[in-house]
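Values quoted throughout were computed directly from the atomic coordinates according to the rules given, and no laboratory measurement underlies them. Everything numeric here is computed off the predicted structure, so don't read it as measured data. Note that we place each Cβ from the backbone using ideal geometry, even for glycine, and neighbour counts take in every protein chain shown.
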C-alpha cells in the first residue's frame with residue numbers, strides 16, 4: 001500500500017501451502033450481480049459512493065458551494081483508481097480510518113474549473129487543472145515548517161470522513177489546483193497525483209546524478225519512482241518484482257535493469273541482486289513501493305554502507321526488521337507520506353517538460369457508470385492505471 005493514503009496494496013489469496021481438508025464442501029456458484037443501472041445524466045451532482053464494504057451506490061449529492069472567496073469549483077473529468085479506494089471498498093477501513101457513513105470515492109483527479117471565488121487570482125472558468133486532494137489546516141507547526149503533508153487536521157479526499165472526487169463537482173482552494181499546459185491531456189493530469197507521490201519519495205531519498213537506485217514494486221508508484229529517479233540523474237535503476245510482465249514494462253518505461261525476487265532468505269536475495277545487477281558494495285538508495293515484508297528485509301541487506309532507505313509502501317502494521325544490519329551500516333532510513341510543498345508542481349513540470357512520460361501507464365478508461373467494474377479490475381490486478389471518466393452532462 002502507498003503512502004499517499006492512497007495506499008499501494010496487494011490483494012492476494014491466502015497461503016496456498018496451508019493444509020486443506022480431504023473432502024471439500026461443494027459450494028454453489030453465486031450468479032453474477034446485474035450491472036447497476038443509473039440515471040446520472042439527469043442528476044445535478046451524480047456521485048460514486050461507498051455505502052458499506054462491497055456496497056456501491058450512485059447518488060445525487062448537493063452541488064457544493066464555494067467555501068470561501070479563495071476557492072474554486074472543479075468538474076473532475078478523469079479520475080484514477082488507487083489501492084486505497086479499493087481497500088476501502090473491500091474492507092471499509094484502513095487502519096484507524098474507518099468508513100462510518102456513505103463516502104464519495106476517488107482522489108486522483110484532473111478537471112475543468114467551473115466557477116471561482118471573488119478573491120481567486122490565478123485561475124478562471126474553463127482552465128484545466130490537476131487537483132491536489134489533501135488540504136491542510138495551514139496553521140499548525142507542521143504546516144508552518146513546510147511539511148503540510150504531516151498536518152494532523154488534513155482534509156484528504158476519500159479518506160473518512162471526507163468525500164472524494166468521483167462526482168460532477170468538487171470544491172478546492174485555488175492554490176491546490178495546478179493549471180495544466182496545453183500539451184498535457186486531462187488524462188495525464190489525473191496521473192499527477194501518483195507522480196507527486198513518487199516525487200516526494202524520491203526527494204526523501206535525495207537522489208542525485210550518478211546514484212544507483214533500487215525500487216521494490218513495479219506498480220504505478222514504483223514505476224513512477226523509477227522515472228523520477230532517472231530524471232534526477234540516477235544512472236542505474238533496478239526494478240524488483242515477482243511479476244515478469246511488470247518487470248518487462250518497467251524496463252521499457254524507466255528502469256535500466258531488473259531483478260526477480262526468489263523464495264530464499266533476505267540475505268541471499270540481496271547478495272544475488274548485488275551480483276546480478278552489478279551494484280558493487282550495494283545500492284546507494286533503495287525505495288520500497290511494495291510494503292511487503294520480504295522486500296523490506298532484502299532492501300536493508302542490499303544497501304551499501306551509509307546508504308539511504310525510504311519506505312514508500314504500506315503493508316502490515318508490524319514486521320520483522322533487520323535492525324542489526326541497519327545499525328552496523330549506519331543507514332539513513334526514512335518514511336514517506338503523500339506529498340508536500342512543491343511536489344505537485346514539480347510533478348506537473350516534469351511531465352510538461354517531457355523529462356518523464358506518464359501516459360504509458362494508462363491501460364484502460366471507463367465511463368462513470370462503469371466505475372464499479374473498473375474497481376473490480378484493479379482488485380484483480382488487471383492493467384496498471386485505470387481511469388474513470390467524469391459524469392456525462
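Fewest-first ordering of 212, 341, 258 by other beta carbons within 10 Å of each residue's beta carbon gives 341, 258, 212. A Gaussian network model of the chain, with springs between Cα atoms under 10 Å, assigns the largest mean-square fluctuation among 247, 50, 66 to 66. Per residue, the average separation of C-alpha pairs within less than 8 Å and at least 6 apart gives the chain a relative contact order of 19 percent. Considering all C-alpha pairs of segment 100-246, those separated by over 23 Å amount to 49%. Go ahead and estimate [θ] at 222 nm for the chain from helices alone: -39,500 (n - 2.57) per DSSP H run with n ≥ 4, summed, over the residue count, rounded to 500. Rounded to the nearest 500, it is -7000 deg cm²/dmol.
Label positions at residue 341 and residue 380, each projected 7 Å from the Cα along the C-beta direction, are separated by 4.6 nm. Taking 0.36 nm per residue of separation and subtracting the Cα-Cα distance, full extension of the segment from residue 245 to residue 364 would add 41.2 nm.
Here the scattering of segment 258-356 is modelled by Debye summation over its C-alpha atoms, one equal scatterer each and no solvent; at q = 0.13, 0.21 Å⁻¹ the log10 of I(q)/I(0) is -0.53, -1.07. Computing Rg and the Kirkwood Rh from the Cα coordinates of segment 197-335 gives a ratio, Rg/Rh, of 0.92. What FRET efficiency, computed as 1/(1 + (r/R0)^6) with R0 = 56 Å and r the Cβ-Cβ distance, is obtained for residue 262 and residue 43, rounded to the nearest 0.05? After rounding, the FRET efficiency stands at 0.60.
With kT/(6 pi eta Rh) evaluated at 37 °C and eta = 0.692 mPa s, and Rh the Kirkwood radius from Cα pairs, the chain diffuses with a coefficient of 151 µm²/s according to Stokes-Einstein. Kirkwood radius and radius of gyration were both taken over the C-alpha atoms of segment 149-224, and their ratio Rg/Rh is 1.01.
Computed extension gain for residue 150 through residue 98, at 0.36 nm per residue and net of the alpha carbon distance, reaches 16.8 nm.
When both bridge partners sit in the chain, DSSP labels roughly 60% of those beta bridges antiparallel.
The length gained by stretching the chain between residue 63 and residue 179 to full extension, at 0.36 nm per residue less their Cα-Cα distance, is 39.5 nm.
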